[in-house]
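Undergrad: Let me begin by handing over the structure; questions about it come next.
The values are calculated or read from the model by the stated rules, or taken from the named source; none is laboratory data. These numbers come from a predicted model, not from an experiment. Because the Cβ atoms are built from the backbone with ideal geometry, glycine has one as well, and the counts that use them run over all protein chains shown. For the accessible areas, the whole protein counts, side chains as well, though only heavy atoms, and no ligand, DNA or RNA atoms are used. Shrake-Rupley method; radii C 1.70, N 1.55, O 1.52, S 1.80 Å.
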Amino acid sequence: MEKDEIRRHDSFQSFDEICSIAEEKQVDFLLLGGDLFHENKPSRSTLVKAIEILRRHCLNDQPVQFQVVSDQTVNFQNAFGHVNYEDPHFNVGLPVFSIHGNHDDPAGVDNLSAVDILSACNLVNYFGKMVLGGSGVGQITLYPILIRKGSTAVALYGLGNIRDERLNRMFQTPHAVQWMRPEPQEGCEVSDWFNILVLHQNRVKMNAKNAINERFLPRFLDFIVWGHEHECLIDPQEVPGMGFHITQPGSSVATSLIDGESKPKHVLLLEIKGNQYRPNKIPLTSVRPFEYTEVVLKDEPDIDPNDQNSILEHLDKVVSGLIEKSNRKAVNGSEQKLPL
């Protein structure tokens, strides 16, 4: 909504708040599930603001406490081929890892996305970018970023958005999707790794061709961060019989006026030790308030269906009531934002 006089800063304020929470909680890294940008070719103004926020929060003297022990040239496919905080010319204190979504996906002859710009600036570690073979179903291989901190070992798999129909077909074609497991290392068996997958696809409960079924995913995964879906379902849910939990953080700003977007927006602070994890959800306070209701005119006794004015008066009352309700919720002292 960058052209909207009132809402143009909303998404930047949310992103800034998320980076501030990450800094304040001294997290090891920040993980984004795709669609940092809403447009495939973000405007200069949007790019500059995004870079400013990342530069302000990510470049500092904080020590980075973990190591990436996998082959980084395989993990990060930019010209430099290593995790950003290892560059001696940059002081990265808050590493950000991101895949691309369907809005900021790679395009053009060089297959580049807006996230590649942030990656070239050394502000974001862009991973999960697959090169699909030309014709046919194609084949992809997922190599995890292997992260170690003390005795905890995390294998982070990323899969940037692929057209749902195609990925659906790949998952149902033997050997089209290959998952590379960590090689056994000294003092670290394959079973010691905590396996996380970040993906950005339609998620469904029915058997739809244009979505990804949770049961397509391998059982060795421990935790899944599901991007793309905008409703915030932050509490990790177990998938029966699969052995993994899924968090769906949702979008950090409302992009459409639907019920799912009116739910409170959260980020998830994930603490991992060995094979155990502890989720801690944190509400975002900078998000513009959003009230949602459904009005069925035929169920309203005091409306005369033939009288346009009585309909409008009723709707006016409903909307005024929602605005009042929203204002009552406003935290004392914080500036009241016009609600959606």
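Undergrad: Using the structure shown, decide if SER252 is assigned by the TED database to the domain that holds ASN102 and either in contact with a helix residue (DSSP H, G or I) (Cβ under 9 Å, 6 or more places away or on another chain) or assigned to a strand (DSSP E or B) (or both).
TA: Values: assigned by the TED database to the domain that holds ASN102: yes; either in contact with a helix residue (DSSP H, G or I) (Cβ under 9 Å, 6 or more places away or on another chain) or assigned to a strand (DSSP E or B) (or both): yes.
So SER252 passes the test.
Undergrad: Within region 262-289, which residues are part of a loop (DSSP other than H, G, I, E, B) and either under 23 Å from ASP16 (Cβ atoms) or open to solvent by 70 Å² or more (accessible area, probe 1.4 Å) (or both)? Give the steps one after another, and end with the answer.
TA: Step one: list which residues in region 262-289 are part of a loop (DSSP other than H, G, I, E, B), which gives 263-265, 274-275, 284-289.
Of everything in region 262-289, those that are part of a loop (DSSP other than H, G, I, E, B) and either under 23 Å from ASP16 (Cβ atoms) or open to solvent by 70 Å² or more (accessible area, probe 1.4 Å) (or both) turn out to be LYS263, PRO264, LYS265, ASN275, LEU284, THR285, SER286, VAL287, ARG288, PRO289.
Undergrad: Would you pick out the residues in region 176-195 that are under 16 Å from ARG215 (Cα atoms) and either charged (D, E, K, R) or surrounded by fewer than 16 Cβ atoms within 10 Å (Cβ to Cβ) (or both)?
TA: If the condition is that a residue be under 16 Å from ARG215 (Cα atoms) and either charged (D, E, K, R) or surrounded by fewer than 16 Cβ atoms within 10 Å (Cβ to Cβ) (or both), then GLN178 is the only one that fits.
Undergrad: What's the number of the condition GLN65 fails, among (1) in contact with a Pro (Cβ under 8 Å, 6 or more places away or on another chain); (2) open to solvent by 50 Å² or more (accessible area, probe 1.4 Å); (3) under 30 Å from CYS188 (Cβ atoms)?
TA: Going through (1) in contact with a Pro (Cβ under 8 Å, 6 or more places away or on another chain); (2) open to solvent by 50 Å² or more (accessible area, probe 1.4 Å); (3) under 30 Å from CYS188 (Cβ atoms) one by one, GLN65 breaks only (1).
Undergrad: Of everything in region 290-300 that's closer than 17 Å to GLY321 by Cβ and over 39 Å from the mean Cα position of the chain (by Cα), which residue is surrounded by the most Cβ atoms within 10 Å (Cβ to Cβ)?
TA: GLU300
Undergrad: Next question. Can you say whether GLY81 is small (Gly, Ala, Ser) and under 30 Å from GLY150 (Cα atoms), as far as the supplied structure shows? Walk me through it before giving the result.
TA: On the way: small (Gly, Ala, Ser): yes; under 30 Å from GLY150 (Cα atoms): yes.
Yes, satisfied.
Undergrad: Could you list, in sequence order, the residues of region 211-249 that are within 21 Å of LEU142 (Cα to Cα) and either in a loop (DSSP other than H, G, I, E, B) or not assigned by the TED database to the domain that holds SER191 (or both)?
TA: Within region 211-249, ALA211, ASN213, LEU217, PRO218, ARG219, PHE220, LEU221, ASP222, HIS228, MET242, GLY243, PHE244 meet the criteria.
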